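The values are calculated or read from the model by the stated rules, or taken from the named source; none is laboratory data. Keep in mind the model is a prediction, meaning the values are calculated, not measured. Cβ sites come from the backbone with ideal geometry, for glycine too, and all protein chains shown count toward neighbours.
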Amino acid sequence: MVYKSPRKVAVEVLNNVVGTKKPLKFALTENILSMFDKADRAFLLEVIYGVLRNLYYIDWLLEDFYKSREKLSMYTINNLRCAIYQLVFMHIPAYAVANETVNVEKSFNGKPNVVNAILRNFLRKYQADEIFRITEQMQTDNKNLSVVYSHPEWLITRWLKRFQLNEVKALLKANNEKPPITIAVKPEERQMIGEYFTQKGFKVSFSKHVASGLIIEGQGYEIRKTLKESPFFWIVQDEASQLVCFLLEPFEGACILDACASPGGKTLLTAALIKKGTIICIENNKKRLENLQENIARVKKFLPDVEIQPILADICQISLKKHLDSLGFNTHKFDRIILDAPCSSTGVIRRNPDVRYRVNEQEIKRLSKTQKLMLENVSQFLVKNGILVYSVCSTEPEEGEEVIESFLQKHDEFSSIKKLRTYPHIDGMDGFFMGKLLRIK
Ligand SMILES: C[S@@+](CC[C@H](N)C(=O)[O-])C[C@H]1O[C@@H](n2cnc3c(N)ncnc32)[C@H](O)[C@@H]1O
């Protein structure tokens, strides 16, 4: 196999994510990760995630050393960002970082002399411990939270309006910490699967929040490899996302609608919880529907008595009756509905560090309108005494509480049974809003 330098690939991935705003989860594929051995893969991940979690801070450190930043290509800028991350956060010796960074620059036909000069000047000015002193000072002064924690100012301003300063800092910090890898399994198999992973050399703990959750320590790639070879039902899913399925009060024999289904985390865990029944899952994106179908196909053998029917459709326009008739269903109403709506993803920044640089405030307002429309549409398909759970992985009230409140103002046939918020810095889970509605008439 041709040797690929993890430093060079890190720069290429960052060009896609920071440059062309491709989501990290699509830019850093399993194919790319499989090109490396364990040590190089760990290095690659550390540099990419590290740069993204500290982008504004690294840019702030570099600011004084550019003569004319606008003349440098995205490659050179990302190459320098990777170098600073290695120097400041990974404590890699200066000569090694400088040499490798210049080599990567040469391989891009970039500006090795400029890179070399910037790094030398940087090293002349700063000793690593000095940088930490400056950062600590910035943190205690509560100045430049946006720079210190690398989050956009508008988002911090929003959080400061709703939370105490200490809480905002804790949230920002939690968003920059490596989250655990959590999987969902059948609750009755959790003990056995915990032992399976322990025997394979992983450290495992049980979720305190959900009976299906197992937290596995280790490198994500290695865990996924072990999972793929394992003989039981599993899905990678944060505890907060699993909680949505429990809030739904799924029961054996239930007929369930999952209105926004791909990649299928909630569909599949709910299927495992009901053991027997039907789940209709709607997805409006063709590619994402294929992904959902692949995920269903992978675990279907562990769910023999649950019929799972994916449908490509827009939940705001769908003629559900027509679809259900053509599938031979004699019911047009559901006992349970999950509406896990598309959202700003501000609650999952710790898993997707690039989200903070893509989302903007206007987007939140636009999403809120869509979410209200979606809830309006799906609610008509719920039976009397049925439960609908609305969820989003967003920290923002426009996408959570406000959607539920505006719906309830127009619908006295529904009542709210529970509203729940989870946060990474409080619960150690992704940031979700969940609203549980009961149809009373
Ligand atoms: C938050 S994700 C759902 C995650 C999923 N419930 C899970 O747990 O794996 C929202 C999904 O809704 C889909 N979607 C967005 N607008 C839609 C619409 N109008 N109708 C149906 N699906 C839609 C998106 O393509 C996306 O796959």
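Filter the stretch 254-284 for residues that are more than 9 Å from the ligand (Cβ to nearest atom) and part of a loop (DSSP other than H, G, I, E, B); which is surrounded by the most Cβ atoms within 10 Å (Cβ to Cβ)?
Here the residue is 254.
Taking the stretch 341-355 as the region of interest, how many residues are outside any loop (DSSP other than H, G, I, E, B) and either closer than 13 Å to residue 398 by Cα or charged (D, E, K, R) (or both)?
Within the stretch 341-355, residues that are outside any loop (DSSP other than H, G, I, E, B) and either closer than 13 Å to residue 398 by Cα or charged (D, E, K, R) (or both) number 1.
Starting from the stretch 88-107, take each residue that is of a type in the set (Lys, Arg) and list its partners that are modelled with pLDDT of 95 or more, counting only C-beta distances under 8 angstrom and pairs at least six apart or across chains.
106/112
Going by what's in this entry, would residue 360 be described as farther than 25 Å from residue 163 by Cβ, loosely packed, with under 15 Cβ neighbours inside 10 Å and not assigned by TED's automatic domain parsing to the domain that holds residue 49?
Spelling it out, it is not the case that residue 360 is farther than 25 Å from residue 163 by Cβ, loosely packed, with under 15 Cβ neighbours inside 10 Å and not assigned by TED's automatic domain parsing to the domain that holds residue 49.
Would you mind telling me which numbered condition in (1) within 27 Å of residue 399 (Cβ to Cβ); (2) surrounded by 15 or more Cβ atoms within 10 Å (Cβ to Cβ) residue 105 fails?
Failed condition: (1).
Hey, can you tell me all the residues within the stretch 321-345 that are surrounded by fewer than 17 Cβ atoms within 10 Å (Cβ to Cβ) and either under 28 Å from the mean Cα position of the chain (by Cα) or within 16 Å of the ligand (Cβ to nearest atom) (or both)?
Answer for the stretch 321-345, where residues must be surrounded by fewer than 17 Cβ atoms within 10 Å (Cβ to Cβ) and either under 28 Å from the mean Cα position of the chain (by Cα) or within 16 Å of the ligand (Cβ to nearest atom) (or both): 322, 342.
Taking the stretch 315-326, which residues are touching a strand residue (DSSP E or B) at 6+ places or on another chain (Cβ under 6 Å) and either outside any helix (DSSP H, G or I) or within 30 Å of residue 21 (Cα to Cα) (or both)?
Within the stretch 315-326, 315 is the sole residue that qualifies.
One residue is enough: does the stretch 356-370 have a residue meeting the conditions more than 17 Å from residue 259 (Cβ to Cβ), touching a residue at least 60 places away in the same chain (Cβ under 8 Å), within 16 Å of the ligand (Cβ to nearest atom) and not in a loop (DSSP other than H, G, I, E, B)?
Yes, the stretch 356-370 contains at least one residue that is more than 17 Å from residue 259 (Cβ to Cβ), touching a residue at least 60 places away in the same chain (Cβ under 8 Å), within 16 Å of the ligand (Cβ to nearest atom) and not in a loop (DSSP other than H, G, I, E, B).
Would the stretch 183-202 turn up any residue that is hydroxyl-bearing (Ser, Thr, Tyr), within 22 Å of the chain's Cα centre (by Cα) and not assigned by TED's automatic domain parsing to the domain that holds residue 95?
no
For the stretch 301-315, give me each residue that is within 14 Å of the ligand (Cβ to nearest atom) and over 15 Å from residue 265 (Cα atoms).
311, 312, 313, 314, 315
Taking the stretch 29-46 as the search range and keeping residues that are aliphatic (A, V, I, L, M) and out of contact with any Pro (no Cβ under 7 Å at 6 or more places or on another chain), which one is nearest to residue 12 (Cα to Cα)?
That would be 32.
Given the criterion of a type outside the set (Phe, Trp, Tyr) and in a strand (DSSP E or B), identify the matching residue among 156, 134, 183, 193.
183
Any residue in the stretch 312-320 that is under 22 Å from the mean Cα position of the chain (by Cα) and of a type in the set (Gly, Ala, Ser)?
no
Residues in the stretch 224-247 that are in a loop (DSSP other than H, G, I, E, B) and under 19 Å from residue 188 (Cα atoms): how many?
7
Is there a residue in the stretch 379-397 that is among the small types (Gly, Ala, Ser), in contact with an Asp or Glu (Cβ under 6 Å, 6 or more places away or on another chain), crowded, with 20+ Cβ neighbours inside 10 Å and modelled with pLDDT of 95 or more?
Yes, the stretch 379-397 contains at least one residue that is among the small types (Gly, Ala, Ser), in contact with an Asp or Glu (Cβ under 6 Å, 6 or more places away or on another chain), crowded, with 20+ Cβ neighbours inside 10 Å and modelled with pLDDT of 95 or more.
Just one of (1) among the hydrophobic types (A, V, I, L, M, F, W, C); (2) part of a loop (DSSP other than H, G, I, E, B); (3) away from the ligand (no atom under 16 Å from the Cβ); (4) touching a helix residue (DSSP H, G or I) at 6+ places or on another chain (Cβ under 6 Å) trips up residue 251, so point out which.
(4)
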